[in-house]
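Participant: Input: one structure, supplied below.
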Amino acid sequence: AVVSTQSTGDEDITKLRCINGHVSPTKTVANFCETDLSFNCMKVYAADNPFTLLDTSHFIYTCVKPGLNCKTMYDTYLKNAPEGSYCEECDRKYNGCNAEGQNELYEQAFGGKQVE
């Protein structure tokens, strides 16, 4: 597991920081959550409903924790979502891994640039 932190010397490196929030075509809300290193960060994408006039696609970013993981998201939230929807947990664990390559979202959540 790779965990990157902007170390100040007293940060608790036993926690993983994940982007926590949602992004839709009209709104972005992003901060962060912390989870134990035994858990992970996840990203959920709900595809646009082709039967609505407005773009309903959105991303949800959060920490995996007991009772909240991709399996529970598929069983509850995504089973009736439009085709193309998905849930994924980070392959490699590092702070903000669930928003990899999304620098603006990372900066909004953490107040700094993404460093792996």
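Participant: Going residue by residue through the stretch 24-44, is there one that turns out to be outside any strand (DSSP E or B), within 20 Å of Y106 (Cβ to Cβ) and of a type in the set (K, R)? Please lay out each step first, then the result.
Facilitator: Filtering the stretch 24-44 for residues outside any strand (DSSP E or B) gives 24-27, 37-40.
If we keep only those that are within 20 Å of Y106 (Cβ to Cβ) as well, we get 24-25, 27, 37, 39-40.
Retained after the next criterion (residues that are of a type in the set (K, R)): 27.
Within the stretch 24-44, one or more residues are outside any strand (DSSP E or B), within 20 Å of Y106 (Cβ to Cβ) and of a type in the set (K, R).
Participant: Give the number of residues within the stretch 58-73 that are open to solvent by 30 Å² or more (accessible area, probe 1.4 Å) and aliphatic (A, V, I, L, M). Outline the logic, then answer.
Facilitator: Going residue by residue through the stretch 58-73, those that are open to solvent by 30 Å² or more (accessible area, probe 1.4 Å) are 58-60, 65-69, 71-72.
Next cut, aliphatic (A, V, I, L, M) only: 60, 68.
Total satisfying the criteria: 2.
Participant: Moving to a separate point now. Can you spot a residue in the stretch 47-57 that is outside any loop (DSSP other than H, G, I, E, B) and open to solvent by less than 80 Å² (accessible area, probe 1.4 Å)? Outline the logic, then answer.
Facilitator: In the first step, residues of the stretch 47-57 are kept if they are outside any loop (DSSP other than H, G, I, E, B); the result is none.
No: zero hits.
Listed here are the residues, each with its yes/no results for (1) in a loop (DSSP other than H, G, I, E, B); (2) without any contact (Cβ under 8 Å) to a residue 40 or more places away in the chain.
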site	(1), (2)
Y61	no, no
K71	no, yes
Y77	no, yes
N80	yes, yes
E83	yes, yes
E88	no, no
D91	yes, yes
Y94	yes, no
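Participant: Follow-up question, since we're still on this one. Could you tell me how many of the residues in the stretch 74-102 are more than 13 Å from the chain's Cα centre (by Cα) and open to solvent by less than 90 Å² (accessible area, probe 1.4 Å)?
Facilitator: 6
The values are calculated or read from the model by the stated rules, or taken from the named source; none is laboratory data. Here the structure is a predicted model, which means the values were calculated and not measured. All Cβ positions, even for glycine, are placed from backbone atoms using ideal geometry, and neighbour counts span all protein chains on display. In case anyone asks, the SASA skips ligands and DNA or RNA and just uses the protein heavy atoms, side chains included. Shrake-Rupley method; radii C 1.70, N 1.55, O 1.52, S 1.80 Å.
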